[in-house]
Each structure stands twice: as structure tokens, then as C-alpha cells.
Amino acid sequence: ASWMRAASVPRIEHVEIPAQDPERATQFYRHVFGWAFERWGGPLEYWSMERQPGADGITVGIQRRGPTSASPVFTVYVASVEAALGRITAAGGRVVEGRTAVPGVGWQAYLVDPEGNPFAIFQLDPSAR
């Protein structure tokens with residue numbers, strides 16, 4: 001997707017906002033900030049912010065509130081989810097949901113830092129299945 005790019009230095013690239021009613025949430029952010037969203041296909045209830053051509057910055061996703069999405073979660077893009085998982089657990093982080101494919105896009109994992117803050121990591125890989 002055009003809004004995703006590999007980062008040489010890991011940085012926050014994306015924020016997921018959980019919602020009881022994702023349609024209502026997308027309408028709210030459209031009205032307040034003028035953000036446009038596109039729903040991803042398939043069974044996943046996920047709306048991704050459409051980035052304007054040439055625009056930079058953090059993107060936003062809205063998903064139905066669930067076990068790994070009880071509060072907003074920031075996502076850090078990494079070169080390798082597996083390598084990052086090793087560093088995170090060695091430093092005291094805890095895996096909530098291990099390496100999972102986002103088909104045709106990449107790999108993700110959900111974690112908690114030693115202070116109890118949720119976050120995610122993501123690796124671009126169009127061959128992910």
C-alpha cells in the first residue's frame with residue numbers, strides 16, 4: 001500500500017484506534033479532521049486512513065474493539081518482526097499476539113512494554129500469507 005514504507009530506523013508509523021462502532025468512529029474523524037478512510041476487504045473490520053499523495057506522517061486505522069485493541073495502539077515498523085520480538089522479550093516486554101500475517105502486506109505482532117503499555121510491531125512483506 002502507498003501509505004506503508006520500510007523504515008531504516010524504527011519509528012512510529014501507524015496508530016490503531018479501537019471503536020465499539022467503527023463506522024461511527026470513521027464518520028467522527030472525517031467530520032472533525034477531514035480524514036478519509038477505506039475499509040479493508042474480508043472479515044477483518046478495519047478501516048485505514050487514506051493518505052493524500054505526497055503526504056507524510058503517521059497513519060490511522062480504526063478497528064472494532066477487541067482483546068488486542070482495547071486502547072489505542074501505536075505501531076513501529078521494523079526490518080524483522082522475529083528479530084524485534086527477541087529484543088523486546090529480552091528487555092522485559094511481553095508478547096500478547098505473536099507474529100501474524102496481514103496477507104499481501106506484511107507481518108505484525110502485538111506486545112506490552114514492561115510498564116504495561118500496549119504497542120505493535122510491523123514488517124513490510126507483500127508475500128505474507
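Read-outs throughout are calculated quantities, based only on the coordinates presented, and are distinct from any laboratory measurement. This structure is a prediction, so every number in the text was calculated from the model and none was measured. Neighbour counts run over all protein chains shown; Cβ positions are idealised from the backbone, glycine included.
May I ask you to derive the relative contact order of the chain, considering only C-alpha pairs under 8 Å and at least 6 residues apart, and to give it as an integer percent? If you can, show how the numbers build up before the last one.
On the way: 261 pairs, mean separation 32.7, N = 129.
Dividing the mean separation by the residue count of the chain yields 25 percent.
Under a point spin-label approximation (7 Å from Cα along Cα-to-Cβ), what is the Ser71-Asp113 distance to one decimal in nm?
Here the answer is 1.2 nm between the modelled labels.
Along Cα→Cβ, 7 Å out, is where each label goes; now give me the distance between the ones at Trp40 and Val105 in nm to one decimal.
0.3 nm
Can you give the Rg/Rh ratio of the chain, where Rg is from the C-alpha atoms and Rh is the Kirkwood radius?
Expressed as Rg/Rh, it is 0.95.
Would you kindly work out the equivalent ellipsoid of region 54-93 from its C-alpha gyration tensor and give its semi-axes, the square roots of five times the eigenvalues, largest first in whole Å? Can you show the working numbers first?
On the way: eigenvalues 105, 64, 13 Å².
Computed over region 54-93, the values are 23, 18, 8 Å.
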